[in-house]
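Down below is the structure, laid out as structure tokens.
Read-outs throughout are calculated quantities, based only on the coordinates presented, and are distinct from any laboratory measurement. What you see is a predicted model, and the numbers here were worked out from it, not measured in a lab. Here the Cβ positions follow ideal geometry from the backbone for every residue, glycine too, while neighbour counts run over all protein chains shown.
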Amino acid sequence: MDTNIPVEKSINIKVELFGQARIIAGFREVDISIPSNTIVSDIAGILGKKYPSLIGKVLENDGSKLLDSYTLNINGKTFVSD
């Protein structure tokens, strides 16, 4: 057995949804597992895969990012709109 094969680690995060996103998803918050090397812009794609109902309504049609009318907030301190 080769013990030098890298293992991709993942972390669990909680995503709180508000307004229309909450209504569409049907949840106040969702837990997702993301690879440890995930950047903030990848989270939209992960959410779109897990909750396809958000695509076109909260996320761009390709699931790549939030629609312009939505904002991501990290730990209640930092707002990210790009």
Amide hydrogen neighbours beyond the local backbone of GLY56, cut-off 5 Å, H modeled: ASN61, GLY63
Magnitude of the charge dipole, the chain, Cβ model with Lys/Arg +1 and Asp/Glu -1, debye to 20: 300 debye
Local electrostatic count at LYS14 - Lys and Arg +1, Asp and Glu -1, tallied over other residues with Cβ under 9 Å: -3
Label point distance in nm, THR38-ILE74, each placed 7 Å from Cα along Cα→Cβ: 1.3 nm
Environment charge at GLY48 (Cβ cut-off 10 Å; Lys +1, Arg +1, Asp -1, Glu -1): +1
Residue-count net charge about GLY63 - beta-carbon cut-off 12 Å; Lys, Arg +1, Asp, Glu -1: +1
